[in-house]
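The values are calculated or read from the model by the stated rules, or taken from the named source; none is laboratory data. As the structure is a computational prediction, the values presented were derived from the model and not from experiment. Don't worry about glycine lacking a Cβ; one is built from the backbone with ideal geometry, like all the others, and counts go over all protein chains shown.
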Amino acid sequence: MRKGIVTKSIVLVTMLLFIGAGVVPTIFAGDSKSNTNNSLTTFTSNLVAYWSFDDSSDVGHDDSGNGNQGVNNGATWVSDGVIGGTLNFDGTDSVSFSSPVLSQPPYSVCAWVKPESIPENVNQYILANGGEIGTHNGFFINIEWQETYNGDYSFGVGTENIFKGHATYHPATTNWTFLCGTWDGIADSSHIKLYVNGVLVGSSVSNPPVAGSVLNLIIGSSSNHKGYFNGLIDEVRIYNKELNAGEILDLNNILECKIQGGRGINLNITNIGPTNAINVDWQINVKGGLLGLINVNKSGTIDMIALGESVTVGTGMFLGLGKIQITIKVDEDTNTANATQFIIFTRI
């Protein structure tokens with residue numbers, strides 16, 4: 001089931017219309033309005049931090065609600081992210097934090113990146129919290145130039161020696177790439193893993209952590225403010241669990257979901273890529289109304305949503321009056337909106 005979900009538009013006011021002598025009920029919503037405050041944070045279970053970089057006025061905002069606020073040190077907000085806005089790092093910028101955000105495994109660290117340039121023999125760090133420094137614990141994702149690494153993406157955890165899952169995948173400068181590194185904390189074979197565009201490309205052995213504490217998280221450079229990244233970084237997520245291969249594949253695919261009006265509550269799902277989405281499970285629940293009489297549940301599975309395709313599912317018609325709560329769920333992702341219904345009688 002390949003879908004990472006982002007809700008960019010959601011209708012907050014819904015109207016129930018009775019039209020004409022036949023009294024035909026219709027839920028009317030009008031045009032959907034963009035509302036990033038209602039964005040769906042994918043796989044909210046075990047999500048420690050999520051930076052969408054969609055809000056140009058507060059780029060360091062933690063969309064997970066856990067308060068991991070970042071400070072922007074020169075990165076430029078631009079509108080052409082993989083989803084919504086993103087940050088452009090020019091090789092001297094970073095977003096810094098006052099804590100490591102996550103200091104102990106298990107963890108999963110994910111981000112979309114689009115390098116502008118990859119100069120030879122220069123390590124560029126997408127994010128780190130001490131794992132790349134020999135005297136500290138922590139994790140990092142970077143573009144690596146050393147030993148046999150020739151500008152390859154790399155994820156690692158570090159102690160006195162640096163152990164990493166290494167990808168034999170040379171970064172592309174023209175396309176977005178989805179990176180996700182995981183470690184379950186187990187110190188035996190192949191437990192550090194790196195996924196590129198949803199596919200496992202590297203793994204390695206880890207020794208138990210024996211060196212000092214983790215450092216504060218930083219996005220766009222190494223923990224000691226070296227190896228700055230040049231390019232775009234978007235949709236950074238940190239989990240305190242090891243995401244499995246299926247969950248990472250889900251995150252790699254992005255579905256845009258909108259609640260729309262019509263005869264009932266409708267959910268429009270658009271697959272914006274990068275691959276076809278398979279077996280998309282959906283559910284719509286509507287509750288509330290006067291005396292709590294409204295309780296509508298509809299669910300199903302869409303076999304496939306092709307890249308660029310939109311599919312609409314819905315509850316069908318129902319009657320009601322008063323405030324309602326609309327909850328949509330697509331696999332593990334849930335979003336809730338409050339709305340108000342009005343009954344309007346129109347005579348012909």
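Within region 91-121, the set of residues being over 21 Å from Tyr149 (Cα atoms) and part of a loop (DSSP other than H, G, I, E, B) comprises Thr92, Asp93, Phe97, Ser98, Ser99, Pro100, Val101, Leu102, Ser103, Gln104, Pro105, Pro106.
Of the strands (runs of 3 or more DSSP E) lying entirely inside region 1-90, those containing at least 1 residues that are modelled with pLDDT under 95 and within 30 Å of Lys323 (Cβ to Cβ) span 4-9, 15-19, 24-28, 47-51. Among the numbered conditions (1) within 20 Å of Asn197 (Cβ to Cβ); (2) assigned to a strand (DSSP E or B), the only one that Gln283 does not meet is (1). Look at region 94-118: where a residue is farther than 17 Å from Gly138 by Cα and touching a residue at least 24 places away in the same chain (Cβ under 8 Å) and a partner is charged (D, E, K, R) and surrounded by fewer than 20 Cβ atoms within 10 Å (Cβ to Cβ), sitting 6+ places away or on another chain with Cβ atoms under 9 Å, you get Glu116/Asp90. Of everything listed in (1) assigned to a loop (DSSP other than H, G, I, E, B); (2) under 30 Å from Trp112 (Cα atoms), the single unmet condition for Gly264 is (2). Does Thr340 satisfy being at pLDDT 65 or above and outside any loop (DSSP other than H, G, I, E, B)? No, not satisfied. Can you report the number of residues in region 49-68 which are of a type outside the set (A, V, I, L, M) and surrounded by 14 or more Cβ atoms within 10 Å (Cβ to Cβ)? Count: 12. Among the conditions (1) under 27 Å from Pro105 (Cβ atoms); (2) surrounded by fewer than 20 Cβ atoms within 10 Å (Cβ to Cβ); (3) under 22 Å from the mean Cα position of the chain (by Cα); (4) modelled with pLDDT of 85 or more, the only one that Lys193 does not satisfy is (2). The set of residues in region 85-129 that are of a type in the set (Gly, Ala, Ser) and closer than 19 Å to Trp51 by Cβ comprises Gly85, Ser94, Ser96, Ser98, Ser99, Ser103, Ser108, Ala111, Ala128.
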